1. Quick check on segment 81-237: take the gyration tensor over C-alpha atoms, sort the square-rooted eigenvalues as a ≥ b ≥ c, and tell me if it's rounded (a/c under 1.5), prolate or oblate.
2. Find the relative contact order for segment 113-225 and round it to a whole percent, using C-alpha pairs within less than 8 Å whose residues are 6+ positions apart.
3. Which value in nm describes the separation of the simple spin-label points at residue 194 and residue 100, placed 7 Å from the Cα toward the beta carbon?
4. Counting alpha carbon pairs within less than 8 Å and at least 6 residues apart, what relative contact order, in whole percent, applies to segment 92-151?
5. What shape does segment 145-237 take by its C-alpha gyration tensor, where a ≥ b ≥ c are the square roots of the eigenvalues and a/c under 1.5 counts as rounded, a/b above b/c as prolate, and the rest as oblate?
6. For the pair residue 155 and residue 91, what calculated FRET efficiency results from E = 1/(1 + (r/R0)^6), where r is the Cβ-Cβ distance and R0 = 22 Å, to the nearest 0.05?
7. For the modelled label position 7 Å from the Cα of residue 202 along Cα-to-Cβ, which residues of segment 119-156 have backbone nitrogen atoms closer than 12 Å?
8. Quick one: which of 123-129, 48-54 comes out on top by average Cβ neighbours within 10 Å, and what's the full order, highest first?
């Protein structure tokens, strides 16, 4: 009985030692190798980030060498101008008389391509830049807003839609009316005259295109600078 018990103990000890014998401590060479791989990986990451930052700085300098940054003028005639840095649009405001306020929201450039002729190919020379503009005319809190949706070409303004809406833009979806070109010709002319008397005319179109050239450049450089700053920022350990 005792011999059997001793035999069991011996077998247990043998199992314990054999199970522990599979453990191998990490050698100094292995530890150094792992650290070296991590160091090389970090070096590659740093080199890649430095290259990205260098390319961005070169591009920014190229743009600045072509022409320096300029701020938009704060006013155009009777309109005040809000440049909206970092956004894709600008806002112009003016007051007419005692109870009329006009707000213009103008987007950055978009591209228009004419319909391709039979067998023809559209080239870059056929493309034309235009600006989208929304004009809101406010007269009284109890009355809705007269809104014009327009395309601003390099030397003219084209009305696309005109409609009434509530001052609270979140309430419902207004009826937008028929396409502007379907309206009576005399009514179309009268609505253009309505805008003309408020300083919204071909001269303003020329000014807005110049504004957007400056804003496009400013926003492009601001965008590149923000990416360069992000890449340069070190991650928290």
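The numbers here are math on the coordinates, done by the rules we state, and not lab data. None of these values were measured; they are calculated from a predicted model. With ideal geometry, Cβ positions are generated from the backbone for all residues, glycine too; neighbour counts draw on all protein chains shown.
1. Values: a/c = 2.06, a/b = 1.31, b/c = 1.57.
Oblate shape, in that a/c is at least 1.5 and b/c is the bigger or equal ratio.
2. In percent, rounded to a whole number, it is 18.
3. Calculated label separation equals 1.0 nm.
4. The value is 33 percent.
5. In terms of gyration-tensor shape, oblate.
6. The formula returns an efficiency of 0.50 here.
7. 154-156
8. Numbers: 123-129: 10.3, 48-54: 12.9.
The packing order, highest mean first, is 48-54, 123-129.
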